[in-house]
Structures are given as structure tokens and as C-alpha cells.
Amino acid sequence: MKIIQKTPEKIIFVEEAKESLANAIRRSALEIPILAVDEVEFSKNDSVLYDEVIALRMGLLPLKTPKDMNLREECTCKNEGCSKCSVQLKLVAKGPGIIYAKDLNGKAEAVYEDMPIVSLIEEQEIELVATARLGKGIEHTKFSPGIFFYRNVAEIEIGKGCEKCADCAKACPQGILKLEKNKIEVTDKYKCDLCEACVEVCRKDGESEIKISPGKELIFTIESFGQIKADEILARAVDVLIDNLKELK
Ligand SMILES: [Zn+2]
């Protein structure tokens, strides 16, 4: 595995893998249990937004997902809801002002504190109790841990006549082709998304000096929404896939 970029939020790496396996891992990321608000009980809402709209917005707030929580359907409480499988968040606020994710009180922590929930004017009040639980992205997108995609790494073949015009270098929107010492050099093939702008500009009589084709290696990008780290999305997606395959035995 060749790591191109790695931060807690984002990981980009290159690996030679079959697309069927890569896709199975990608899909498994939607089965990682992730914490999100699932029920909201309002006791007061003077704002201009309907209860349903606020509840939907709260569902989409990324919450830091603890490792030791149970899925409600697998919990000892038998789907009743208890402290091992649910977290309650309280919101009591009065206008004027914007109410943010940081104004929620409870044991779950919002990933982005400054995400706005609702705007209140003078004298407007809001009071609610939200219940968050673990869920899976295949059930609802709010339980998705992030974005996971891959594509083929490009094989770039530079022809002999390329250095004469260097039009391909000018045409590349990623700027990865450079004319250096009378030679076209590929500076970073991992940036190539096979758009073939270089091939188009070079094509004469249906033939092009420069050739681009999808290679065997795949370049993966995983970007976390913040509930769990990007490298954890990969590790846990693989675990989910292995677990699902065990059921086939
Ligand atoms: Zn429980």
C-alpha cells in the first residue's frame, strides 16, 4: 500500500487490487455502526422552522462515535433503548441568536461545534430532547462515516514526437505533464483522472502520440465526516466484510 496523503479526516492510497474487492470494501463502509440523532421530542419550538425540519437537521449533525456502544437491536435491553445503546442530548435555548451544535448538552459530542441548527429572534424559545443511536449507512445516509471512492491509476505513454509541440502539457487541466529538457515528463501520475484532454489535443488522423489507459493499480480516497477517523473507516469496512463473509460458511 502506497500512502499519498494521510490526515485524521482524509486518506488517499494506492494499491493493486481487483475492482470487485475494492467495491465490496467500499460498500461495507456503509455497514459500520455510526452515531446519529434518530428521535427528537419537542416541548417548545417558537422558531420559523417546523419540528420535522429541525429534527432532520439534527440527524445530519456528525457526532463523535464511541467504540463501546451497542447497536440497539443487539443490546441487552432488547431494542428498548438504554445507556449502552442510546445517548440523549438536551437543547434549551432562547433568542435572539443562532443556535449551534455546541449548544446541545449531553454525553455525545458534536464533531463540528459551529454547525447551525436554527436561528431564533427575540423572545423565541426552543426546548427539545434528542436521542442518538448507532445505525448503518445502508439504513439512512445520516449514519454514513464518510465518502469512499476509487479509480484506476493512469498508465501514461509518451510518444516520440511529443516534445516537438508540447500541446499536451498545455492541455492537461491537472498540470501534470511538463516539458523538461526537451522531454515530456509526467510529474504526478496519481493526479491523472483519465480525462484524455492531452490525447484530444494531440490526435491527428485518429492517432495520438500520447496514450492514456487505466492501469492495474487503484487509487482510493476516503474522507471522513468526522464521526470516526478516515483510516478507521477502512479498517472497520474490512472487518465488516470479513464478518459478512463468515455468514456464508
Ligand atoms: Zn440498550
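Read the figures in this text as sums done on the coordinates, not as results from a lab. As the structure is a prediction and not an experimental result, all values here were calculated from the model. We place every Cβ from the backbone using ideal geometry, glycine too, and count neighbours over all the protein chains shown.
Restricting the first residue to the range 67-93 and requiring it to be within 30 Å of GLN124 (Cα to Cα) and polar (S, T, N, Q), which pairs with a second residue that is near the ligand (Cβ under 8 Å from one of its atoms) and assigned to a loop (DSSP other than H, G, I, E, B) meet a Cβ separation below 9 Å and a spacing of at least six or different chains?
Hits for this filter: SER86/CYS75; SER86/CYS77.
For the range 202-220, name all the residues that are of a type outside the set (Asp, Glu) and crowded, with 17+ Cβ neighbours inside 10 Å.
CYS202, SER208, ILE210, ILE212, GLY215, LEU218, ILE219, PHE220 - these are the residues of the range 202-220 that are of a type outside the set (Asp, Glu) and crowded, with 17+ Cβ neighbours inside 10 Å.
Out of all the residues in the range 84-96, which are among the hydrophobic types (A, V, I, L, M, F, W, C), under 28 Å from SER224 (Cβ atoms) and more than 14 Å from the ligand (Cβ to nearest atom)?
LEU89, LEU91
Can you name every residue in the range 42-73 that is assigned to a loop (DSSP other than H, G, I, E, B) and closer than 23 Å to PHE225 by Cα?
LEU60, LEU61, PRO62, LYS64, THR65, PRO66, LYS67, ASP68, MET69, ASN70, LEU71
Among the residues of the range 31-83, which ones are within 12 Å of the ligand (Cβ to nearest atom) and surrounded by 15 or more Cβ atoms within 10 Å (Cβ to Cβ)?
MET69, ASN70, ARG72, CYS75, GLY81 - these are the residues of the range 31-83 that are within 12 Å of the ligand (Cβ to nearest atom) and surrounded by 15 or more Cβ atoms within 10 Å (Cβ to Cβ).
What number goes with the only condition from (1) over 24 Å from GLU125 (Cα atoms); (2) touching a Lys or Arg at 6+ places or on another chain (Cβ under 9 Å) that LEU60 does not pass?
It is condition (1) that LEU60 fails.
Of the conditions (1) in contact with an Asp or Glu (Cβ under 6 Å, 6 or more places away or on another chain); (2) in a loop (DSSP other than H, G, I, E, B), THR76 clears all except one; give me its number.
For THR76, the exception is condition (1).
Among the residues of the range 85-121, how many are charged (D, E, K, R), surrounded by fewer than 14 Cβ atoms within 10 Å (Cβ to Cβ) and closer than 13 Å to ALA132 by Cα?
Total satisfying the criteria: 2.
Against the condition of a type in the set (A, V, I, L, M, F, W, C), over 21 Å from HIS140 (Cα atoms) and part of a helix (DSSP H, G or I), how does LEU21 come out, does it pass?
yes
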